[in-house]
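Q: Have a look at the structure that comes next, please.
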């Protein structure tokens with residue numbers, strides 16, 4: 001009896017439900033790992049958008065600046081968005097405008113006498129005198145320390161390779177970084193807005209996703225799908241405000257960089273809570289409140305959000321064909337806006353697009369649930385009115 005009872009328990013444990021669950025777990029795991037491989041296809045140190053300004057002028061000889069630029073373009077670290085020269089109108093300022101607007105993460109400037117300065121340094125060295133080295137000026141957005149370090153390393157390496165092959169020297173050029181945004185930012189500062197956003201996303205998504213907004217029955221439809229929409233908006237708003245205030249207060253105690261208007265970060269994180277609750281409510285209604293289905297959907301929401309929402313990789317480092325998926329999540333807008341405020345020092349003018357996106361996102365989610373609930377209410381009420 002003992003053996004038979006144990007065997008029956010084993011058979012029950014490996015019943016149809018177990019195998020269906022196992023297949024579901026394998027499918028989910030395969031999807032997430034595949035998404036990881038695709039998301040990190042470029043990596044944070046590949047195809048970093050930069051502008052290059054080449055003002056170097058030479059007479060009869062090859063421009064060393066041009067050779068260095070070609071060396072950088074042949075690699076995978078930088079993606080040259082604009083290559084400007086002396087013929088362009090105010091090329092340095094135009095490139096700095098691109099940096100300030102977020103189109104590029106760095107501007108690399110070669111001065112007018114770059115090659116001539118190298119020749120002058122070599123002549124001085126031969127005569128036993130000294131001359132200043134030529135400079136390559138890097139204007140950087142240091143709010144992403146990974147990209148900043150990668151650009152500086154690529155420029156320095158390209159300079160060394162070209163100088164060694166052309167002049168058999170490595171000293172006549174100095175790389176001068178000029179931090180435009182995010183000076184002093186480290187990885188802890190870079191990750192703080194992402195961790196704050198992820199925490200709020202999970203804590204406000206889960207309760208509404210697991211709710212029974214989609215449950216069957218007249219009472220459930222009238223109460224949960226109709227009246228509770230407004231209640232959920234209010235409760236998620238209060239929850240978001242409390243969580244945002246606690247997170248920002250604790251981050252400030254730990255000395256996390258907060259260069260911009262913190263009221264903007266507070267609103268962004270609060271709106272993230274509201275929009276995440278709206279997303280959970282919408283999915284709960286679509287799944288008709290089935291807890292088992294909600295548990296299966298949750299990892300398919302969470303892990304892509306982590307990989308594509310800008311937590312580890314900025315959205316700019318994600319392959320273009322995955323970018324639309326990134327913007328399905330409210331987390332992406334909140335992290336992007338919070339980094340602009342906390343790391344780059346922007347105020348409301350810098351994150352207005354992200355704030356508006358979260359407001360629209362929330363309105364679409366809650367509005368859809370309300371509309372579906374209203375239609376269900378009318379359908380159930382119609383037979384009674386007819387009777």
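Read-outs throughout are calculated quantities, based only on the coordinates presented, and are distinct from any laboratory measurement. These numbers were taken from a predicted model, which means no experiment stands behind them. All Cβ positions, even for glycine, are placed from backbone atoms using ideal geometry, and neighbour counts span all protein chains on display.
Q: Would you mind computing, in nm to one decimal, how far apart the modelled labels at residue 149 and residue 300 are, each placed 7 Å from Cα along Cα→Cβ?
A: 3.7
Q: What list do you get for 183, 105 if you sort them by fewest beta carbons within 10 Å?
A: By the 10 Å Cβ count, ascending: 183, 105.
Q: Calculate the FRET efficiency for residue 131 and residue 156 from the Cβ-Cβ distance with a Förster distance of 22 Å, rounded to the nearest 0.05.
A: 0.60
Q: Here's another thing I want to ask about it. If you consider only alpha-carbon coordinates, what radius of gyration and Dmax does the stretch 48-181 have, in Å?
A: My reading of the Cα-based Rg and Dmax gives 14.7, 47 Å.
Q: Here is a further query. Calculate, for residue 26 and residue 97, the FRET efficiency according to 1/(1 + (r/R0)^6) with r their C-beta to C-beta distance and R0 51 Å; round to the nearest 0.05.
A: 0.55
Q: Only Cα pairs under 8 Å and at least 6 apart count here; give the relative contact order of the stretch 187-386 as a rounded whole percent.
A: With pairs under 8 Å counted, the relative contact order is 34 percent.
Q: What is the spin-label model distance, in nm, from residue 166 to residue 88 if the labels are put 7 Å beyond Cα along the C-beta direction?
A: Placing both labels 7 Å along Cα→Cβ, they lie 2.0 nm apart.
Q: For the residues 276, 101, 95, what sequence is obtained by ranking on other C-beta atoms within 10 Å, fewest first?
A: Ascending Cβ contact count within 10 Å gives the list 101, 95, 276.
Q: Turning to a different aspect of this structure: Only counting other Cβ atoms within 10 Å, I'd like 267, 328 sorted with the fewest neighbours first.
A: Neighbour counts put them in this order, fewest first: 328, 267.
Q: Stretch residue 368-residue 183 to full length: gain in nm at 0.36 nm per residue minus the Cα-Cα span?
A: Using 0.36 nm per residue and subtracting the Cα-Cα distance, I get 62.3 nm.
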